[in-house]
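Notes follow the structure.
What follows draws every value from the coordinates through simple rules; no lab data is involved. This one's a predicted model, so the numbers in the text were calculated from it and none came from an experiment. Heads up, the Cβs are rebuilt from the backbone with ideal geometry, glycines too, and the neighbour counts pull from every protein chain shown.
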Amino acid sequence: MKQEDHAAYQRVRNRLKVANKDVSLASLDRAVKTRVAEKETAQTHHGYAKFLLADLTEKAWAPVGHQGALYVVSSDTCIWERKSVESLIRAVAEAHDGKDHCSRSSEYRAIAEHATSLANDDAYFAEGPAGLACPGGFYQITGNTIALVPLTPDHRQRVMLPFNPEAQQIPMFEKFLHETFASDYAGEEQQQIALIQEIAGGIMLGIIHKYQVAILFFEPFGRAGKGTIEKQFRALVPKEFVSAISPFKWHHDYHVATLAGKRLNVVGELPENEPIPAAAFKSVLGGDLITGRHPTHRPITFTNEATHLFMSNHLITTKDQSEAFFARWKIVEFPNSRLRSGLPLDKDLAQRIIDNELPGIAYWALEGAARLLRNGRFSPSTAHDRLMAKWRRSTNTLEEFVYDSCVLSPDSTYKRSDLYRDYVMWCSDNGRKPFSKGRVKELLEHNVGLGIRLVEVNGYETFRGLKEKAATPAARSGTHLDDEF
């Protein structure tokens, strides 16, 4: 009847509901849909997979395959929920066990995986509107506006905050921010708080991966508040969407696969003397396709969607001097160590703030996310710039030489052979190992922040944009290297 005369089907459907109020219309529709699908299902893996997808369809919303997983609309919450492979295998077995080509566990699994492949659409969720799903609806961000609207599956949300953000006073949190980021540098406290607000909002909405940066909470002495903020930010993400996979393990299939579908990846501390695996780091942060595998499962290919938050008491060791590596970091400095100042510690502060002010913090974070989306970039921070310059110098003898012995000036020049002579002498005086001649040229030209370029002046290759601070010992002694390198 449903296939031949839909209007007649609706009339009978309503009469059945009147006759038995204990059976919901949704249950009736599912039962009819299942029977129709059974009638049309071919006795092949493809046919069984199509039946599974039809059975999991909720009204107009068919399941969507994304990064190796199948997402199905929940009729109760309007959230797209991830179906585990095990649940799909069980559904296949219960519906088709004993039929042709469907009598073993390997066949159940193959059908479930084929259904996920048939429904694959990795662009579907990325094209959803910007906002946050909550029990009270969808906080949609449009320009300067944050509007609460009814949540529907068309918002394409896979994560729901378990409480509603509220525009309320957050005095404990604001006092904590002031004590944490108070600075002797004019304006730096306000800059860092604005940056931390955008980071909080980006974590909550799951959008920081679009900016291809990792967040580094840095403070060298300990007990300066970074752990307290991390706990508060982690409370803005349901725990099933949080992981703790160190970037030093991202080149392992099993570890990197854990990042698939996560919204926040938090790592408490990183090794001090071991160089970070830069290739894997840039691949994950850069939005490249990543292949990983869960134990006993087939390999999956996905792109990173998690915010990566690292906390450290030191600037990370790296052998990668490229702009592509350093541009993928956003550093937040925690300048006020309570250990260093002798102030008492309050180990319960994070939980007290969460218990009393989390809805207000979530709304504060929403405002930060709106600003981040509106500007298309994170707010500037002189603390970030200062620490980034310090980090680059600490891992790069050439940048340390430029900082120590040169003056950056757009109209100044430094003969290429003279610069290399002085650089080698500086390294010798400081017990450091110099880069090769060609590598010096590459590092200077590729460092966008320094603003140095190679030109020809009076027939000599010359770096424009810097000059020596004063005559070096090598220059005074008349020592020189080849003019060409």
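Pairs of lysine residues in segment 169-293 that meet both criteria, 8 or more places apart or on different chains and Cα atoms under 26 Å apart, total 21. Counted as membrane-span-like here are DSSP H helices of the chain whose alpha-carbon atoms extend 27 Å or more along the helix's own axis and whose Kyte-Doolittle mean is -0.5 or above; these are 349-375.
Near Q212, once Lys and Arg are set to +1 and Asp and Glu to -1 for all other residues with Cβ below 14 Å from its Cβ, the sum equals +2. Gyration tensor over the Cα atoms of segment 214-295: the corresponding equivalent ellipsoid has semi-axes (square roots of 5 times the eigenvalues, largest first) of 23, 18, 10 Å. What is the Cα centroid distance between segment 296-316 and segment 135-196, reported in whole angstrom? Between the Cα centre of segment 296-316 and that of segment 135-196, the gap is 24 Å.
Each peptide among 96-107, 6-17, 255-266 gets the average number of other Cβ atoms lying within 10 Å of its residues, and from highest to lowest they stand as 255-266, 96-107, 6-17. Packing around the peptides 341-354, 135-148, taken as the average count of other Cβ atoms within 10 Å per residue, puts them in this order, highest first: 135-148, 341-354.
A simple count of charges around W426, restricted to other residues whose Cβ falls under 13 Å of its Cβ and scoring Lys, Arg +1 and Asp, Glu -1, yields -2. Toward the positive end of the charge dipole of the chain, with +1 on the Cβ of Lys and Arg and -1 on the Cβ of Asp and Glu, the farthest Cα among V440, Q351, A214 is that of Q351.
Centre-to-centre, using Cα atoms only, segment 74-106 and segment 402-443 are separated by 64 Å. Straight Cα distances below 18 angstrom link K59 to the lysines K2, K33, K50, K83, with same-chain residues fewer than 8 positions distant left out.
When the charge dipole of segment 162-389 is built from unit charges on Cβ atoms (+1 for Lys and Arg, -1 for Asp and Glu) and taken about the Cα centre, the candidate among F334, T180, F281 whose Cα reaches farthest toward its positive end is F281. Each of [x] -0.53, -0.78, -1.23; [y] -0.33, -0.56, -1.24; [z] -0.41, -0.67, -1.27 is a candidate for log10 I(q)/I(0) by the Debye sum over Cα atoms at q = 0.07, 0.09, 0.13 Å⁻¹; the one calculated from this structure is [x]. Can you tell me how segment 1-153 classifies by the Cα gyration tensor, rounded, prolate or oblate, using a/c under 1.5 as the rounded cut? In terms of gyration-tensor shape, oblate. Summing Lys and Arg as +1 and Asp and Glu as -1 over all other residues whose Cβ lies under 12 Å from the Cβ of A350 gives a net charge of 0. Every helix of 4 or more DSSP H residues in the chain counts as -39500 (n - 2.57), and over all residues that averages to -13000 deg cm²/dmol at 222 nm.
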